[in-house]
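A.B. asks: Have a look at this one before I ask anything.
The values are calculated or read from the model by the stated rules, or taken from the named source; none is laboratory data. Because the structure is a prediction, the values reported are computed rather than measured. Virtual Cβ from ideal backbone geometry, glycine too; neighbours counted across all protein chains shown. These accessible areas exclude ligands, DNA and RNA; they are computed on the full protein's heavy atoms, side chains included. Shrake-Rupley method; radii C 1.70, N 1.55, O 1.52, S 1.80 Å.
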Amino acid sequence: METARGVVSAWAILVFTPPLPLYAMRVYPETAAALAAAMFLLTSAGPGGSRAAVAAALVAAALPWFHPKLLLLAVVGLGLTLTRP
């Protein structure tokens with residue numbers, strides 16, 4: 001009886017769950033945009049330096065590859081980081 005319950009449980013788990021390996025390569029652009037916005041705000045308010053400028057430039061260069069709508073965020077974020085006092 002216990003074996004049958006285990007077999008039915010394993011079958012239910014395999015049948016009713018989504019195929020996660022198919023979704024593993026999916027990156028939503030809004031998640032990347034939120035992380036980039038947080039990074040831009042931290043680099044613009046932090047101590048600055050060349051590392052912050054390089055990090056902001058790399059993130060700004062990568063954002064449009066996620067989705068073209070993120071080009072404005074990349075330009076504004078990079079400008080915010082580079083024009084800080």
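A.B. asks: When the accessible area of the stretch 41-85 is split by element with a 1.4 Å probe, what percent falls to carbon and sulfur?
C.D. replies: Details: 2380 of 3100 Å².
C and S atoms contribute 77 percent here.
A.B. asks: Could you rank the peptides 35-47, 69-81, 5-17 by their average count of other C-beta atoms within 10 Å per residue, with the highest value first?
C.D. replies: On the way: 35-47: 15.5, 69-81: 17.0, 5-17: 9.2.
Ranked from most to least packed, the peptides come out as 69-81, 35-47, 5-17.
A.B. asks: Grab the DSSP H runs of the chain that are 4 residues or longer, score each as -39,500 (n - 2.57), total them, divide by all residues and round the 222 nm result to the nearest 500 deg cm²/dmol.
C.D. replies: Details: 5 runs with 65 residues, N = 85.
When only DSSP H runs of four or more count, the value is -24000 deg cm²/dmol.
A.B. asks: Next question. To the nearest µm²/s, what D does Stokes-Einstein give for the chain at 25 °C and 0.890 mPa s, using the Kirkwood radius over alpha carbon pairs as Rh? Don't skip to the answer; put the middle values down first.
C.D. replies: Values: Rh = 15.6 Å.
Reported coefficient: 157 µm²/s.
A.B. asks: How much accessible area per residue does the chain have, counting only protein heavy atoms and a probe of 1.4 Å, in square angstrom? Kindly include the intermediate steps, with their values, before the conclusion.
C.D. replies: On the way: 6540 Å² over 85 residues.
Counting only protein heavy atoms, the per-residue value for the chain is 77 Å².
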